[in-house]
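Scroll down for the structure; my scribbles are underneath it.
Derivation of every value follows stated rules applied to the coordinates shown; laboratory data play no part. These numbers come from a predicted model, not from an experiment. Reconstructed Cβ throughout: ideal geometry from the backbone, glycine too, with neighbour counts over all protein chains shown.
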Amino acid sequence: TARVVGEVLKGEGLVRRSDTPPERKFFVTDTTDRFRKVGESFLGYEIDYIEKVEIPATKQTIHR
């Protein structure tokens, strides 16, 4: 549940204090420019960090 997740985050010191701004990172498999344009329009704020990543295909992820 969300309560359990909150307790784990608190126990690990990963809860963000309300006076510190959040750090948002986005990882995409498509072009970063395209994601930035759509994401900023949808989210309503400027996206500072986007990284393109490759996800290798495996037999389990290939659909015919």
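Per-structure values
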| item | result |
| --- | --- |
| Folded to 0 to 90 degrees: helix 32-43 orientation relative to the chain principal axis, Cα | 50 |
| Longest segment of the chain lacking GluC sites (Glu not before Pro) that sit in a DSSP loop with at most 12 other Cβ atoms within 10 Å | 24-45 |
| Residue 41 paired with residue 18, simple spin-label distance in nm, labels 7 Å along Cα-to-beta-carbon | 3.5 |
| Over the range 18-64, relative contact order from alpha-carbon pairs under 8 Å, at least 6 apart, % | 44 |
| Cross-link reach list, lysines versus residue 37, counting only Cα pairs under 24 Å and skipping chain neighbours closer than eight places | 25, 52 |
| Using a Förster distance of 35 Å, the FRET efficiency for residue 7-residue 27 (Cβ separation, nearest 0.05) | 0.85 |
| At most 16 other Cβ within 10 Å, DSSP loop - chymotrypsin sites (Phe, Trp or Tyr not before Pro), the range 5-64 | 45, 49 |
| Loop-located trypsin sites (Lys or Arg not before Pro) in the range 1-56 whose Cβ has at most 15 other Cβ within 10 Å (DSSP) | 16, 17, 24, 25 |
| Over the chain: helical MRE at 222 nm, DSSP H runs n ≥ 4 each giving -39500 (n - 2.57), nearest 500 | -10500 deg cm²/dmol |
| Tilt relative to the chain, helix 2-11 - C-alpha long axis, 0 to 90 degrees, to 10 | 70 |
